[in-house]
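S.K.: Below is the structure I would like to discuss, written out as structure tokens.
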Amino acid sequence: YQFPKSTTPDKVLSIMLQTWDGRIPQEIRLQAADQGMTLYEAVCLASIVEREAVLKNEQPLIAGVYLNRLAQGMYLQSDPTVQYALGRDAQTGRWWTPLTVDQVQNTDSPYNTYRVDGLPPGPICNPGLASIEAVLNPEQTDYLYFVANKRAGDGSHVFAVTFDEHVANVNQYGQ
């Protein structure tokens, strides 16, 4: 968006909401409801998928993993939700910096999906339409875990069904 400096906050909000309504067709709203989600919940999960998936072709698979975890009552355990809770790093001035174990375990926030079950209270970013569609059309999978494939260095992930497989993947690809 580009606004003149004189644009009031109310006008900015109005234009953004009109744009949202124009870009999110009724079919998407109905599809969310068909899957037992509100549009808000779908957007919230899509925001996590948006931050997790570097490769767009992995978005439906990552969405499928998170939906599996939610269906089983598991924590989402999403690093980007903790990064969001922490905000801008005071030392680097950057958002979305790598996390420490201490940050994951001790960040007291409703956005810390390692400590709070279910979805966070709101989106952590503005997801693109592809991420929203991935949540509404997830890849059907048995996977419950994934880790960034640091060996490949291309933004891809390695997926696992069991926690033991996940630990092996973290040791092989995530370090």
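S.K.: Between rounded, prolate and oblate, where does segment 47-175 land on the alpha carbon gyration tensor, with a ≥ b ≥ c its root eigenvalues, rounded for a/c under 1.5, else prolate if a/b exceeds b/c?
M.R.: rounded
S.K.: Would you mind working out the magnitude of the charge dipole of segment 72-149 relative to its Cα centre, with +1 at each Lys and Arg C-beta and -1 at each Asp and Glu C-beta, to the nearest 20 Debye?
M.R.: Working: 3 positive and 8 negative charges, 52 e Å.
For this selection, approximately 240 debye.
S.K.: With +1 on the Cβ of every Lys and Arg and -1 on the Cβ of every Asp and Glu, and nothing else charged, how large is the dipole of segment 1-62 about its Cα centre, in debye rounded to the nearest 20?
M.R.: 320 debye
S.K.: Going toward the positive end of the dipole of the chain, with +1 on Lys and Arg Cβ and -1 on Asp and Glu Cβ, which of Asn106, Thr7, Gln91 do you reach last?
M.R.: In the chain, that residue is Thr7.
S.K.: Using +1 at the Cβ of each Lys and Arg and -1 at the Cβ of each Asp and Glu in the chain, identify which of Gln140, Trp20, Leu76 lies farthest towards the dipole's positive end.
M.R.: Trp20
S.K.: Rounded to the nearest percent, how much of the accessible area of segment 18-100 (1.4 Å probe, protein heavy atoms only) is carbon and sulfur?
M.R.: About 49 percent, which is the carbon plus sulfur part of the accessible surface.
S.K.: 5 Å is the cut-off here: which amide hydrogens, built 1.01 Å from N in the peptide plane, fall below it relative to His157, excluding neighbours closer than 5 in sequence?
M.R.: So His157 has HN proximity to Asn149.
S.K.: I've got another one for you. Count the net charge of all other residues whose Cβ sits under 15 Å from the Cβ of Leu119, scoring Lys and Arg as +1 and Asp and Glu as -1.
M.R.: -1
S.K.: Given +1 on the Cβ of Lys and Arg, -1 on the Cβ of Asp and Glu, and no further charges, what dipole in debye does the chain carry about its Cα centre, rounded to the nearest 20? Walk me through the numbers on the way to the answer.
M.R.: Working: 12 positive and 19 negative charges, 126 e Å.
That gives a dipole near 600 debye.
S.K.: Work out how much length Gln140 to Val167 would gain on full extension: take 0.36 nm times their residue separation and subtract the Cα-Cα distance, in nm to one decimal.
M.R.: On the way: separation 27, 0.36 × 27 = 9.72 nm, distance 2.23 nm.
So the chain would gain 7.5 nm between Gln140 and Val167.
S.K.: What angle do you read, to the nearest 10 degrees and between 0 and 90, between the alpha-carbon axis of helix 163-173 and the longest principal axis of the chain?
M.R.: So the helix axis and the longest Cα principal axis differ by about 90 degrees.
The values are calculated or read from the model by the stated rules, or taken from the named source; none is laboratory data. Not measured: the values here are computed from a predicted model. Positions of Cβ are backbone-derived with ideal geometry, glycine not excepted, and every protein chain shown enters the neighbour counts. Side chains included, ligands, DNA and RNA excluded: accessible areas come from the protein's heavy atoms. Shrake-Rupley method; radii C 1.70, N 1.55, O 1.52, S 1.80 Å.
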